[in-house]
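*Asks:* Here's a structure for you.
The values are calculated or read from the model by the stated rules, or taken from the named source; none is laboratory data. Just so it is clear, the structure is predicted and the values come from calculations on it, not from any experiment. A quick note on method: Cβ atoms are made from the backbone with ideal geometry, for glycine too, and the neighbour counts reach across all protein chains shown.
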Amino acid sequence: MNAILRVAAATLLLHITPVVVLIKRPAAVQALLPGANAYFQRDLHLSDRDAHRLHEVVDWSPENDVLTFYLGRSGNADVGTLEFVRVDTPHGPLEVAVGFTPAGAIRDVLVTKATVEMKPWVQDAESAGLLRSYAGLQPAQAPAGAAAVTGKTGSLAVYVAGEVDKGVQRALTAYSLFYRPSATRS
């Protein structure tokens, strides 16, 4: 009984609400890899050294030290790549899907999951133009979605935009450090 009370107290302190799906993964894949008629999953198992490097660069450790990229092709032509990135916040997790063009620039970004509490903040940030701010971003550039929506929406939406920036930066870093398009060709 004591353990149950501790869990309940921790939940109240952290006030984490259930996670809701904003965009289902299949819909995100189709939106971020337009024109693809074949899809492939590529799991990269990071060595301890590479996992440590990623943690140092963007303060992130992917689950089980595995990076998963989804590739889209139309015939023999690459359409692009995408990655789903989880960002843990004091309000619960967010999931951000980042789509890349074959040239390595960001095609588009979607927020696919958020907590019930954060959902309206995400929607407000998106309405203020958050997702448009990432298009064309190159791996060497830093995302500035929070700056793009500052003054156009409330402080909680700007906060969420900063968390989305973290997810986009993690995807950019993982893509630039570990994704090798030439190694994915059959």
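*Asks:* Taking Val116 as the residue in question, decide whether it is surrounded by fewer than 22 Cβ atoms within 10 Å (Cβ to Cβ) and farther than 26 Å from Pro34 by Cβ.
*Replies:* yes
*Asks:* Now for a separate question. Can you say whether Val20 is at pLDDT below 90 and closer than 21 Å to Arg86 by Cβ, as far as the supplied structure shows?
*Replies:* no
*Asks:* Looking at (1) over 14 Å from the mean Cα position of the chain (by Cα); (2) hydroxyl-bearing (Ser, Thr, Tyr); (3) part of a loop (DSSP other than H, G, I, E, B), find the lone condition where Ser61 falls short.
*Replies:* Only one criterion is unmet by Ser61, namely (1).
*Asks:* Within the stretch 28-60, can you find the residues that are free of Cβ contacts under 8 Å to residues at least 24 places away in the same chain and either surrounded by 13 or more Cβ atoms within 10 Å (Cβ to Cβ) or within 18 Å of Ala105 (Cβ to Cβ) (or both)?
*Replies:* The answer is Gln30, Ala51, His52, His55.
*Asks:* Looking only at residues in the stretch 150-168 that are more than 18 Å from the chain's Cα centre (by Cα) and closer than 10 Å to Ala128 by Cα, which one is surrounded by the fewest Cβ atoms within 10 Å (Cβ to Cβ)?
*Replies:* Top of the filtered list is Gly151.
*Asks:* Against the definition (surrounded by fewer than 16 Cβ atoms within 10 Å (Cβ to Cβ) and not hydroxyl-bearing (Ser, Thr, Tyr)), how does Gln141 come out, yes or no?
*Replies:* It is true that Gln141 is surrounded by fewer than 16 Cβ atoms within 10 Å (Cβ to Cβ) and not hydroxyl-bearing (Ser, Thr, Tyr).
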